[in-house]
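Down below is the structure, laid out as structure tokens.
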């Protein structure tokens, strides 16, 4: 099972707004957290299916109105869910071989297709 991935998150919000993120490990501890300014990109490594990335919308945004895109470089199952407060991104168990290189591109904001 392909159970790890490099995840690239890019901020394309217009008007220009930054957003906060947290990278959570399987034990629930925070590996890293910060703020991603507009036009910047952050790389995360998800080492297993229990790690996840939590993204909070920019202040004052209704999360239901924020455009969000997730694209994998292979047919990797990615869970990206939305609550009233944030998005969560993580890998779910799949049938791919473990040595398949996986990259996931996440775009926050920008123009909807």
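Observations on the model:
- Alpha-carbon Rg/Rh ratio, for segment 5-109, with Rh computed the Kirkwood way: 0.96
- Percent RCO, i.e. relative contact order, over segment 5-109, from Cα pairs under 8 Å lying at least 6 residues apart: 35 percent
Each value in this text was obtained by applying a stated rule to the coordinates, not by laboratory testing. This structure is a prediction, so every number in the text was calculated from the model and none was measured.
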